[in-house]
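Here is the structure we will look at, set down as structure tokens.
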Amino acid sequence: MHDSVKPDRVSDRLYNQDLAPVPQSGRTWGMWNLAALWVGISVCIPTYTLAAGMISQGMSWRQALLTITLGNAVVLIPLTLNAHAGTQYGIPFPVLLRSSFGIWGANVPALMRAMVACGWFGIQTWIGGSAIYILHSVLFGFEPAGPADMIPGLGISPGQLACFLLFWAINLGVIVLGIETLKWLETLAAPFLLLIGLGLLAWAVSEAGGFSVVLSDDTVARVRGAEAGSFDFWSVFWPNLTAMVAFWATLALNIPDFTRYARRQKDQILGQAIGLPTTMALFSFIGIAVTAATVVIFGEAIWDPVQLIGRFPSKAVVGFSLFALTLATLSTNLAANVVSPANDISNLSPRRISFKTGGVITAVLGIVILPWKLYNDLAAYIFTWLIGYGALLGAIGGVMIVDYYLIRRRRLEVEDLYREDGVYNFGGSGFNWRALVALGLGIAPNVPGFLAQASHGAIAIAPAFHHLYTHAWFVSFFIAGACHWALTRLFPPDRFFPAERIPPSASDSRG
């Protein structure tokens with residue numbers, strides 16, 4: 001364990017208190033803290049609606065739930081593997097990246113991860129703002145905005161924009177308060193949010209006449225709007241499994257940002273195993289069952305829980321629901337979409353950009369991307385957004401895991417991660433070209449499929465590229481990892497290990 005590094009021996013271009021290793025005295029997160037973190041992250045509106053796209057493509061509710069559960073079981077593997085370095089050495093994600101990509105090269109994958117997080121921050125903030133807007137329209141009796149009320153160029157009304165900015169400001173306030181506030185929020189929110197979800201499920205099933213009615217083939221067929229069995233399951237399964245893995249591929253990279261506070265490896269492993277797959281499966285099932293119940297209760301499928309709660313006649317219920325949905329979205333947004341980019345942006349210039357400053361920059365970028373335009377298109381959300389960024393993050397994960405486990409055998413020189421003349425400067429440039437080339441090679445096969453999807457088919461590509469794109473995260477992960485391993489073995493750096501431990505095969509190589 002490394003409790004600290006000596007500030008007088010490190011570069012202020014690589015070091016500040018937010019990026020420094022967490023001392024042993026600061027590692028206070030136990031198993032249940034990490035499980036609560038995942039409950040707070042997972043219980044959100046996107047999780048509730050995940051099965052919507054799968055069932056609309058022809059899956060049964062069992063097939064959709066299986067795909068979601070399997071995807072989370074798969075992503076749990078890189079999550080726990082990448083989490084090890086955080087707990088072992090107390091370092092955050094961008095500092096860990098320095099060991100594989102170099103002290104300056106780490107900024108390339110860190111910024112890729114940060115941009116994805118900024119997109120997610122915007123989406124979650126839009127969801128939270130939408131909840132405030134719609135539920136306030138019920139409480140105060142005004143009609144939701146129509147097409148004539150939209151702001152030209154933005155596509156949303158002044159009221160929607162105001163609620164979006166209000167929820168944005170709430171997020172910003174917690175960012176300024178710091179990481180310990182996040183731990184407190186997640187621990188408080190987790191049991192409350194689970195009870196709210198179970199309460200909604202109990203109401204829906206009771207009103208609809210029981211599970212036998214809610215989950216019957218006829219009801220699910222009405223949800224889907226098509227006859228069961230009228231599709232090729234495997235052609236739908238693989239792209240949705242990839243999208244499901246990509247859903248948490250973000251956290252699979254920057255999980256050291258949280259596990260650096262864990263007391264032991266056992267805490268992070270069990271906490272994540274308890275918190276992630278079980279909560280995702282449960283809350284996705286709640287989304288499926290409640291939506292199916294709306295077909296029976298209201299005569300139509302209502303996938304959006306905000307729209308559903310807006311149908312409740314009791315203003316007290318609506319007000320309480322407003323609080324619950326706001327808390328759920330807030331807890332997810334802060335943990336999943338602020339911590340990583342705040343650290344990643346700070347990593348660009350640690351002496352000028354603190355964690356809080358990085359968080360503010362993240363929040364500003366979350367507005368600039370106009371997130372409502374992305375989230376409101378379900379096809380773009382799954383096939384362009386989730387699978388597309390999965391290709392980027394899978395490649396980063398492949399390089400990281402291969403480097404840490406197969407090449408370095410979990411040995412890191414922590415102080416050198418903060419030094420310009422240490423073993424991670426890779427020949428003086430600070431860039432490990434092997435990792436960067438591997439990153440590019442992992443991403444490249446998925447680019448044609450992404451362009452075809454983003455252009456809605458206007459760009460024609462060979463069928464093989466379509467097939468690769470449906471497995472984008474897996475393709476990029478394995479190609480990048482294999483290429484990084486091969487390039488490092490063929491061209492080992494001069495100072496891959498500290499001088500006293502340079503292997504003979506690397507003693508005459510170039511950096």
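The values are calculated or read from the model by the stated rules, or taken from the named source; none is laboratory data. As the structure is a computational prediction, the values presented were derived from the model and not from experiment. Here Cβ is always computed from backbone atoms with ideal geometry, including for glycine, and neighbour counts include all displayed protein chains.
Things to note:
- Residue list for the stretch 464-511, restricted to those being polar (S, T, N, Q) and modelled with pLDDT of 85 or more: T470, S476, T488
- For S99: the one exception among (1) among the small types (G, A, S); (2) buried (at least 22 other Cβ atoms within 10 Å of the Cβ); (3) within 22 Å of I45 (Cβ to Cβ): (3)
- Among the numbered conditions (1) modelled with pLDDT under 90; (2) assigned to a loop (DSSP other than H, G, I, E, B), the only one that N16 does not meet is (1).
- Filter pass, G90 being of a type outside the set (K, R), in contact (Cβ under 8 Å) with a residue 12 or more places away in the chain and on the phi > 0 side of the Ramachandran plot: yes
- Wholly enclosed helices (runs of 4 or more DSSP H) of the stretch 289-408 bearing at least 1 residues farther than 26 Å from A20 by Cβ and under 22 Å from the mean Cα position of the chain (by Cα): 305-309, 315-337, 355-368, 371-375, 387-401
- Residue within the stretch 52-66 that is at pLDDT 85 or above, aromatic (F, W, Y) and under 30 Å from L412 (Cβ atoms) present: no
- In this structure, V290 does not satisfy being among the aliphatic types (A, V, I, L, M), within 17 Å of G199 (Cβ to Cβ) and surrounded by fewer than 22 Cβ atoms within 10 Å (Cβ to Cβ).
- Any hit, the stretch 61-78, residues being among the charged types (D, E, K, R) and within 30 Å of P492 (Cβ to Cβ): no
- Considered as a group, the residues in the stretch 247-287 that are β-branched (V, I, T) and assigned to a helix (DSSP H, G or I) include one that is surrounded by the most Cβ atoms within 10 Å (Cβ to Cβ), and that residue is T259.
- The condition of being among the β-branched types (V, I, T), over 22 Å from G271 (Cβ atoms), touching a Phe, Trp or Tyr at 6+ places or on another chain (Cβ under 6 Å) and at pLDDT below 95 holds for only one of I151, I103, I127, I123, that being I123.
- Qualifying positions in the stretch 53-64 - surrounded by fewer than 23 Cβ atoms within 10 Å (Cβ to Cβ) and either part of a helix (DSSP H, G or I) or small (G, A, S) (or both): G53, S56, G58, S60, R62, Q63
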